[in-house]
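Enquirer: Take a look at the following structure, please.
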Amino acid sequence: MTVLSPALDAALAGARVTMFGALKIELPAMTARLLDGSAEIEIDGEDYAGAVDGFGAWESIEEIEDGFGDEAPGTTVTILPEDDAAAALISDPDNQYSPITVMVGARDDETGLIIGEPYVAIRGVIDVPIHTFGMRETSVELDVVSEMELLMFNDEDRVMSPAFHHRVWPGELGMDHCTGVTDNGYWGQNPPSGGIQTTRGFSAVRQAIENRPNARL
């Protein structure tokens with residue numbers, strides 16, 4: 001079974017086919033719809049072109065890497081900005097987590113229309129925009145990660161502390177006097193591998209209380 005639409009699958013199996021790559025970048029300031037060449041084509045009622053005014057052109061894309069373990073698929077897309085203003089717009093830090101979609105499709109040369117539905121190679125978000133300079137050239141690299149990456153983010157605000165405990169369970173004082181416990185509780189991630197020295201957690205607290213005079217449990 002193929003993941004392609006039947007029409008696209010049949011076209012790619014033919015002796016000759018005109019393929020294209022399409023890129024949709026949804027920034028807070030604008031949405032850019034680019035092709036990997038100097039052409040124009042309509043996809044789902046939206047116009048894609050080789051260059052977009054006020055933005056620039058799509059230079060390249062790195063091989064899409066499969067994810068494994070706690071890593072999601074990702075790639076890097078390089079944009080050639082139209083001018084300095086476009087470079088500043090594309091490399092704006094506020095663009096982090098903006099949706100980005102990379103598609104591959106085929107065009108009917110007689111009608112100029114797409115054949116079937118384009119295959120979505122990756123639908124992700126911008127992780128880091130990097131403004132780079134070269135010999136007579138300025139580009140912006142967009143580090144792209146799959147949407148699945150958002151499911152793997154650590155909940156860094158969730159900690160084993162009285163303050164967080166009170167925020168979740170107001171009035172519950174169970175952690176107020178629980179001090180000196182060196183066991184780490186890992187939220188949203190696997191514990192680090194290797195040699196780790198730990199205590200017995202709450203059993204250590206119990207032992208400390210038992211050693212106090214007149215302690216009652």
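The values are calculated or read from the model by the stated rules, or taken from the named source; none is laboratory data. This one's a predicted model, so the numbers in the text were calculated from it and none came from an experiment. Heads up, the Cβs are rebuilt from the backbone with ideal geometry, glycines too, and the neighbour counts pull from every protein chain shown. The area values use the complete protein model at the heavy-atom level, side chains included, leaving out ligands, DNA and RNA. Shrake-Rupley method; radii C 1.70, N 1.55, O 1.52, S 1.80 Å.
Enquirer: Principal axis lengths of the range 6-150 from Cα atoms, whole Å, largest first?
Expert: Sorted from largest, the Cα extents of the range 6-150 read 42, 40, 29 Å.
Enquirer: Something else: Work out the FRET efficiency for Ala49 and Glu117 from their Cβ-Cβ distance, taking R0 = 25 Å, and round it to the nearest 0.05. If you can, show how the numbers build up before the last one.
Expert: Details: r = 20 Å, r/R0 = 0.79.
The calculated FRET efficiency here is 0.80.
Enquirer: Something else about it: Scan around Thr18 for amide H atoms under 5 Å from its own, H built in the peptide plane at 1.01 Å from N, and keep only partners 5 or more places away or cross-chain.
Expert: Arg107
Enquirer: Further, regarding this structure: Top to bottom by accessible area (1.4 Å), largest first, where do His165, His131 land?
Expert: Numbers: His165 30, His131 70 Å².
Output order, biggest surface exposure first: His131, His165.
Enquirer: Compute the length gained on full extension between Ala7 and Asp176: take 0.36 nm times their separation in residues and subtract their Cα-Cα distance, giving the result in nm to one decimal. Kindly include the intermediate steps, with their values, before the conclusion.
Expert: Values: separation 169, 0.36 × 169 = 60.84 nm, distance 6.43 nm.
Extending this stretch completely gives an extra 54.4 nm.
Enquirer: Under a crude label model (7 Å from the Cα following the beta-carbon direction), how far is Thr78 from Glu62 in nanometres?
Expert: Each label point lies 7 Å from its Cα, and together they span 1.1 nm.
Enquirer: How much length, in nm to one decimal, is gained on full extension between Glu40 and Met135, taken as 0.36 nm per residue of separation minus their Cα-Cα distance? Walk me through the numbers on the way to the answer.
Expert: Numbers: separation 95, 0.36 × 95 = 34.20 nm, distance 2.93 nm.
The span from Glu40 to Met135 would gain 31.3 nm if fully extended.
Enquirer: Here's a follow-up. Taking all protein chains together and a probe of 1.4 Å, list Trp58, Trp169 from the most accessible to the least accessible. Numbers along the way, then the final one.
Expert: Working: Trp58 30, Trp169 135 Å².
Largest accessible area first, the list is Trp169, Trp58.
Enquirer: Got a number for the accessible area of Arg107? Probe 1.4 Å, square angstrom, nearest 10.
Expert: 80
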